[in-house]
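Accompanying notes for the structure given below.
Read-outs throughout are calculated quantities, based only on the coordinates presented, and are distinct from any laboratory measurement. Keep in mind that this is a model prediction, so the values were computed, not measured. Cβ: placed from backbone, ideal geometry, glycine included. Neighbour counts: every protein chain shown.
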Amino acid sequence: MKILVTGSEGLIGRPLCRMLEERGDVVKHFDKATNLHHDIYDPSILRRILGNERQFDVVIHLAAMSGVEAARDNPRTAWTVNVFGTFNVLEACRRSKTPVVIASSNHIYGHGEEPVAEDGVQLQLDTYSATKHAADVMARSYAHNYNLPVAVVRNTNCFGPDSPHLDHIIEGTIKSLIDGETPVIKSNGETVKSYLYVNDVAKAYMMVADFLINESTTPEAITVNVSGDRISVLDLVKVICLIDGKGISPKILGEPNDQRDEWLDDSLIREVIGWKPEVSLDSGLKMTYEGLVERFKKPSDTPTPPEAQDARPESGEVVSQASTEDAEVDDCKS
């Protein structure tokens, strides 16, 4: 198949593109990180790539501004990227009659006292959740009004070693531990959410895209939840600290926030599409910890080969080392 992926260099985009290419698909990467012209703000570039007739089997739209606090602090960017950018993608797909999979969010529901199915009430009103809710409704409206094949994926918090989101709870905690810092939980840590290793989330998008193209017969949008193991923020951080093995305990600030428990019912994607997670939470956390340790390894952590020892500077010479900015752990979307 020929597939266009927006946000192809992001947390989910990288493993998704790799999976698609490994099975033989031709993937068009669309991401400003590698091509400044690949901007979902610009409807002309999307129209030019997708054309007026169908050239791709499907578009998978992942590009977005992620993070509760980041969106709250930058509302114009959040609404522009997450809503207007999604509109541009949908319009280009409508013109070219190209099926599209849209990344929504678990955050739109805003409650988790009992499992919430895809038709559950959507209550969360922080800026990030509101923008994703708007994009979610917009995508479903394109299926309803224009008969455009649309699938909406509301995936839970995902994490992995290549994540750029070092302010998110899992990656931020690990980065603090790598730096010898005490992990910080802004809230009281009692919020319960689910977490999935990024490869399982990427596989869900791939399987949903396949289903949309090959098996779906509904004229309305397909909407699915994608969830994983549930755990409180405090217990999650404690597990990461145990993996680190240095005996460090988190600092709990107890600040109020508007993040509620999450409990998604994902039986639809499991039963109809056949997806299920393959990586346990513990295994995913260990792989992410090991990957981030390797990613942020300092030159001093790597043994110097014998042939390089003679090249060390004489006493008094200074060797500069790049430093990384420490990230405070944020009790928000991972």
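Per-structure values
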{"item": "Cβ-defined net charge surrounding Asp57, 15 Å radius [Lys, Arg +1; Asp, Glu -1]", "result": "0"}
{"item": "Choice from Ser176, Ser216, Ser283 showing the highest fluctuation, given a GNM over the chain with Cα pairs closer than 10 Å", "result": "Ser283"}
{"item": "Angle in degrees between helix 127-146 and the longest Cα principal axis of the chain, rounded to the nearest 10", "result": "30 degrees"}
{"item": "Rounded if a/c under 1.5, otherwise prolate or oblate - the stretch 9-65, Cα gyration tensor axes", "result": "oblate"}
{"item": "Only Lys, Arg (+1) and Asp, Glu (-1) charged, at Cβ; the chain dipole about Cα centre in debye", "result": "1100 debye"}
{"item": "Counting DSSP beta bridges with both ends in the chain, the antiparallel % (nearest 5)", "result": "15 percent"}
{"item": "The chain: angle of helix 169-178 to the longest principal axis, Cα-based, in degrees nearest 10", "result": "20 degrees"}
